[in-house]
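**Q** Please find one structure pasted underneath; my questions will follow.
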Amino acid sequence: MSGPDVVCFEFTPENVHPLVYQPYSVPRRLHANREAFNQWYLRLVEDGPGRITAEFKALAANLPNHGQTCKAWSENRPLNRYNDMICFDHTRIALNDGLQPDYIHANYIRGYHRKNAYILTQGPLDSTIFDFWRLVWQERVATVVMLARFEEGGKPKCAKYFPMSSQSDLMSGVFRIRLVKFDNRKYCKGSLLRVTNTLANETRYVAHVWFVLWPDRGVPEDVSGLRAFLNYVKVININMSLTLCSPAYHRRGPPIIYHCSAGIGRSAVCVLLDIFTEMLNHYDFADPLELINQLRQQRFHAVHTKDQLLFIYDYIVQLCKHARYGLLETIS
């Protein structure tokens, strides 16, 4: 299985069937919603980035209005990577294995017509690596997407929570994590991890995909590279889910974990773009600012900077331009 400049997994571990590449296709026409895109695009061209910036600032000042509390976040300060990035109680994921703490800085995110399609979380701290793997195990996650480096600008951004070599396992609490397969590509690094719960004597497989070309608080230089990467994440997760996960647990597959450092910038951008692409897949269209607003009701300050917003617009314009002529491309 291969894709353009992205990770490929060509592995056959015990009890795991080879993954078969299935392109994630999008429709060739937006039909009635083509007009909605045209109107949005023309307004974007006419008003320029000034209006976008102004509306983004207005969003930044508009805190969620559902009376969300952040009691768990406040009571677990040492487990938070940043002191100013709260975690809403109403969407937070409580760890339910009976161990303490039950807190992790992670929120469920709705997908397009699908509840809890994603999990946005912070990059693990050294002290929360075990909690991270408790989360993966509890939610039966098949794919973890990483969008930060361990260190950026001389500052720690994420703990080393997975093994970098097949010669040495990583032990975290009751979990033993082993690197089974590694593939280093232009845009990302991919790993197949074997995760064993030594207490339950059970083993599962998790795909770990790491996009390495995204600077903290910045944006990727290449829109097409991120498009290829996100498409491949979708393919990997579909195949991992079909191969490894029982439908009894997840009818539509398990949630995908996305994390960067804070879990609100780079990772939130990727989730939003994946939701938008899914909307196109169903002949739908929405203003990206409205999607950001909805995302922020679930994860505090999702999409963190103006540059990230402008990148979203650039990505969407390039993705949709072909649709204006009935030629919305399939990314494969």
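**Q** In whole Hz and in residue order, list the ³J(HN,Hα) couplings for the stretch 171-177 that follow from phi through the Karplus curve 6.51 cos²θ - 1.76 cosθ + 1.60, θ = phi - 60°; x for Gly and Pro.
**A** Couplings: 9, 9, x, 8, 9, 10, 10 Hz.
**Q** So which GluC sites (Glu not before Pro) in the stretch 195-298 end up in coil per DSSP with only 13 or fewer other C-beta atoms within 10 Å?
**A** Passing sites in the stretch 195-298 are E221.
**Q** Would you mind computing, in nm to one decimal, how far apart the modelled labels at L99 and N281 are, each placed 7 Å from Cα along Cα→Cβ?
**A** 3.3 nm
**Q** Can you tell me which of 142-148, 70-76 comes out highest on packing, and rank the rest after it, using the mean Cβ neighbours within 10 Å?
**A** Peptide ranking by packing, descending: 142-148, 70-76.
**Q** Sticking with this one: Quick check on my link table: of K189/K234; K186/K234; K160/K181; K115/K181; K157/K186; K71/K157, which ones sit more than 20 Å apart, alpha carbon to alpha carbon?
**A** K115/K181; K157/K186; K71/K157
**Q** Moving on to the next point. Obtain the nm distance between the two label points defined at Q167 and V317 by a simple spin-label model: each point lies 7 Å from its Cα along the Cα-to-C-beta direction.
**A** Result for the modelled spin labels: 4.9 nm.
**Q** Restricting the count to DSSP beta bridges whose residues both fall in the stretch 31-325, what percent are antiparallel, rounded to a multiple of 5?
**A** 75 percent
**Q** Return the long-range amide H neighbours of G111 (sequence gap of 5 or more, or a different chain), with a cut-off of under 5 Å between placed amide H atoms.
**A** N116, A117, Y118
**Q** To continue, here is another question. Amide H neighbours of E152 under 5 Å, at least 5 residues apart or on other chains, H built in the peptide plane: list them.
**A** K157
**Q** Based only on other Cβ atoms within 10 Å, what is the fewest-to-most ordering of V233, V45, V195?
**A** Result, fewest neighbours first: V45, V195, V233.
**Q** What order do you get for K57, K306 when you list them from fewest to most C-beta neighbours inside 10 Å?
**A** Ordered from fewest to most neighbouring Cβ atoms within 10 Å, K57, K306 come out as K57, K306.
**Q** Give a residue-ordered list of calculated ³J(HN,Hα) values for the stretch 218-225 (Karplus: 6.51 cos²θ - 1.76 cosθ + 1.60, θ = phi - 60°; whole Hz; x for Gly, Pro).
**A** x, 9, x, 6, 10, 4, 5, x
**Q** Please report, in whole Å³, the volume per residue of the convex hull around the C-alpha atoms of the stretch 31-325.
**A** Numbers: hull volume 41.9 nm³, N = 295.
Residue-normalised Cα hull volume stands at 142 Å³.
**Q** What's the local net charge at R149, with K and R +1, D and E -1, over the other residues with C-beta under 9 Å away? Working shown, then result.
**A** On the way: positive: K157; negative: E151, E152, D216.
Around R149, the surrounding residues sum to -2.
**Q** May I pose another question? For the stretch 120-232, list log₁₀ I(q)/I(0) at each q in 0.10, 0.19 Å⁻¹, using the Debye formula over Cα point scatterers of equal strength and ignoring solvent, two decimals each.
**A** The computed values of log10 I(q)/I(0) come out as -0.30, -1.07.
**Q** Please give the contour-minus-distance gain from A58 to E151: 0.36 nm per residue of separation, less the Cα-Cα distance, rounded to one decimal in nm. Write down the numbers at each step before the final one.
**A** Working: separation 93, 0.36 × 93 = 33.48 nm, distance 3.17 nm.
This chain segment gains 30.3 nm when fully extended.
Computed from the coordinates by the stated procedures, all read-outs in this text should not be read as laboratory data. Keep in mind it's a predicted model, so treat the numbers as computed, not measured. Please note: Cβ atoms are built from the backbone with ideal geometry, for glycine as well, and neighbour counts cover all protein chains shown.
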